[in-house]
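Please read the structure below before turning to the comments.
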Amino acid sequence: MAGWSGWPQYRGLHMLAFSKHYLSAAGITLGFSLLLAPLAGVLAADDYLSVLEAEAADTGSTHSQTAASTTNNHKSVSGKAVRLQKIITPGLDFDQFEAELHSRYSGTHLLYMKLSAARRKAAWKHYQQDNALSAVRESIVSLMSSS
Amino acid sequence: MKQVITRISAVALLSAAAFFNTSAVALDVNLTDYLAYVKVDHQGESVRVQRVQNQDNVLTGGFAKTSRKCPPFCIQPMQVAPGVTTVGEAEIFRFMDREIASGNGMMIDARTPSWHQKGTIPGSVNIPFTVFEKEVDDPELVKALESMGGNQRNDVSGTTRSIESVFAAMDLFGANMKTDEWDFSDAREVVFWCNGPWCGQSPRAIKALLAHGYPAEKIHYYRGGMQMWKILGLTIVVPEQEEKSVAMK
């Protein structure tokens, strides 16, 4: 390393010519390297992203595993994840269920209020099986239409 | 008369007892020794963050893996960059309760969307690390920085910048919160996280954000990430667009 700049001085003309040739080759190589460096960076970044995507696919779904499942609920812990869809808080008693429908889903509550007391209980029972708002709405509508 | 008042008091006491009995449910597995759960707003829905109560529960699936190829999945240092604070779960709960609730703070899931879609920490928004690595005038980056409280600056004169750099050196007038392009004086406190100690996505986001001039003291790094969140059985939300609602069974 120390002798790099001193080569021509000690090795005669042919070495000088060689070193010139060598330097120009090195310069070309360096030039190419500089040109290709950003491209290599892009490729590296793309590689990282593709590895990430592969690992994401391999890791599988998070919610199939072990997260606690709670929204505003008072008690339920099911070992599944919360999905951000319209849901009615799990684990509500009848009065709480009615109160939540009234406060959060007034349209559904309007329909619900048209049901008889017995059918409201039936809607609540149905909610205990599936607390998705869409499922609760469906049950209310079907209770309304059933004779 | 006295008897009536006594009876009314007794009824009131019983009602109060019944109320507290139904509204305050004791958990066996609390978050901390002083906190059973915390509620956080997630895209307009209030989500209760608590732990799985089943004490026989174990981790399965992808996050139970111990080994991934390194690089790129290498163990990250505790401190990601000077001035950036590394935080744990207890600090996250407090952050949710105070900073997110007041709108002063923001949790950023810095993972690519394919990871985010599998489940995220409640209260987080997904801004992939790649967004922070974009050019300073890229619309996606601009949108992200604005959402974090940054204000874009236009046509700042050289004189202004010279004065600001003098003040910045003396740590005066918040001048060190400003760059040629951005004013981060009103920037929010942000917590970055990704898949855990083996994940480089949030460290990359943080480093890129620092390069854009975001103040380090407003950045926090939750190194435990999804890995620790899952190990502790904490609530996860799965973004909409997939499947059905939470089941109660």
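The values are calculated or read from the model by the stated rules, or taken from the named source; none is laboratory data. Since this is a predicted model, take the numbers as computed values, not measurements. Positions of Cβ are generated from backbone atoms using ideal geometry, with glycine treated the same way; all protein chains shown enter the neighbour counts.
Some values worked out for this structure:
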quantity: Subset of segment B:43-60 [at pLDDT 90 or above and more than 7 Å from chain A (Cβ to nearest Cβ)]; calculated: B:49
quantity: Residues (polar (S, T, N, Q) and within 14 Å of chain A (Cβ to nearest Cβ)) located in segment B:61-118; calculated: B:66, B:67, B:112, B:114, B:117
quantity: Meets criteria (without any contact (Cβ under 8 Å) to a residue 60 or more places away in the chain, in contact with a Phe, Trp or Tyr (Cβ under 6 Å, 6 or more places away or on another chain) and more than 24 Å from residue A:48 (Cα to Cα)) for residue B:177; calculated: yes
quantity: Check on residue B:162, over 30 Å from residue A:126 (Cα atoms), more than 10 Å from chain A (Cβ to nearest Cβ), among the polar types (S, T, N, Q) and in contact (Cβ under 8 Å) with a residue 60 or more places away in the chain; calculated: no
quantity: Count of residues meeting criterion [loosely packed, with under 12 Cβ neighbours inside 10 Å and over 17 Å from residue B:228 (Cβ atoms)] in segment B:68-82; calculated: 4
quantity: Residue within segment B:107-124 that is in contact with a Gly (Cβ under 8 Å, 6 or more places away or on another chain) and modelled with pLDDT of 95 or more present; calculated: yes
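Per-residue answers, yes or no, for (1) more than 18 Å from residue B:119 (Cβ to Cβ); (2) among the charged types (D, E, K, R):
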{"residue": "B:59", "(1), (2)": "no, no"}
{"residue": "B:63", "(1), (2)": "no, no"}
{"residue": "B:66", "(1), (2)": "yes, no"}
{"residue": "B:73", "(1), (2)": "yes, no"}
{"residue": "B:83", "(1), (2)": "yes, no"}
{"residue": "B:86", "(1), (2)": "yes, no"}
{"residue": "B:91", "(1), (2)": "yes, yes"}
{"residue": "B:102", "(1), (2)": "yes, no"}
